[in-house]
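Have a look at the structure below before the remarks.
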Amino acid sequence: MERPYDTAEVGADRIIHAIGVAFGLIGGALLLTVAAESASPAGLVATVLYVIGLIAMLVCSAVYNLSFASPRRELLRRMDHAAIFLMIAGTYSPFTLGRLDGAWSIWLAAVVWGGAILGAVAKLTVPRRIDRYAVVLYLALGWVVVLALEPLLASLHPAVITLIVIGGLLYTAGVVFHLWRSLRFQNAIWHALVLSAAVCHYAAVIVNLS
């Protein structure tokens, strides 16, 4: 059962989510503008997928976490958790489509998007059945990139690699606070780390386009 949050905790979480949604909407629009001017067709498609995943995660998280108890809250929870899968797959796209050799690009995209779609569908239809495995699934999908580490290192700028790794480590560190339910401000810390990781990956996408 979820621990009830006090007023200060809820307020901190609201501020973080407000910043996150503003960042997603403004940053997403800016990124699409840059991609439309400088990216290849594959790069533009990849950027669109990334922006969709980013905004879906930030908006669904804000709507669910800041909503009050209601009959709709379970649906909002499902959407929030499903959007995380889409965000993970979307984040991969700018660094694989048009960047890796054909075989690696197709293979990695198929694995990541296939896993993300299956995970999102499961979260929307039978969420409680996979709840205990959800964090492991998120982390596994997020770190599957190590299987293609060699071709990624060869095709991406070192600064992009560094930002991707820092973002991944921040997401992973956030899981500790996500599970640390007894800690005051646990939810706000978790969401702050998620937002920080998203900013790192956003910066990586920008550098990747330059």
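The values are calculated or read from the model by the stated rules, or taken from the named source; none is laboratory data. In this text the structure is predicted, and so the values were computed from the model without any measurement. Quick reminder, even Gly has a Cβ in these numbers, built from the backbone with ideal geometry, and neighbours come from all protein chains shown. Note: areas computed on protein heavy atoms with side chains; ligands, DNA, RNA excluded. Shrake-Rupley method; radii C 1.70, N 1.55, O 1.52, S 1.80 Å.
Data table
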{"quantity": "Structure-based [θ]222 nm, the chain - -39500 (n - 2.57) summed over DSSP H runs of at least 4, per residue, nearest 500", "calculated": "-29000 deg cm²/dmol"}
{"quantity": "At 0.890 mPa s and 25 °C, Stokes diffusion of the stretch 59-162 via Kirkwood alpha-carbon radius, µm² per second", "calculated": "165 µm²/s"}
{"quantity": "Relative contact order, percent, the chain [alpha-carbon distance under 8 Å, six or more residues apart]", "calculated": "24 percent"}
{"quantity": "Among 162-169, 122-129, the order from most to least packed when residues are scored by Cβ within 10 Å on average", "calculated": "162-169, 122-129"}
{"quantity": "In degrees, nearest ten, helix 127-143 long axis to first principal axis of the chain (Cα)", "calculated": "40 degrees"}
{"quantity": "Mean accessible surface per residue for the chain, computed with a 1.4 Å probe while every protein chain stays in place, in Å²", "calculated": "51 Å²"}
{"quantity": "Mean-position separation - Cα centroids, the stretch 12-91 and the stretch 117-148, in angstrom", "calculated": "17 Å"}
{"quantity": "Order by protection proxy (mean Cβ within 10 Å, highest first), peptides 100-112, 66-78", "calculated": "100-112, 66-78"}
{"quantity": "Listed peptides 176-184, 141-149 by packing density, highest first (mean Cβ within 10 Å)", "calculated": "141-149, 176-184"}
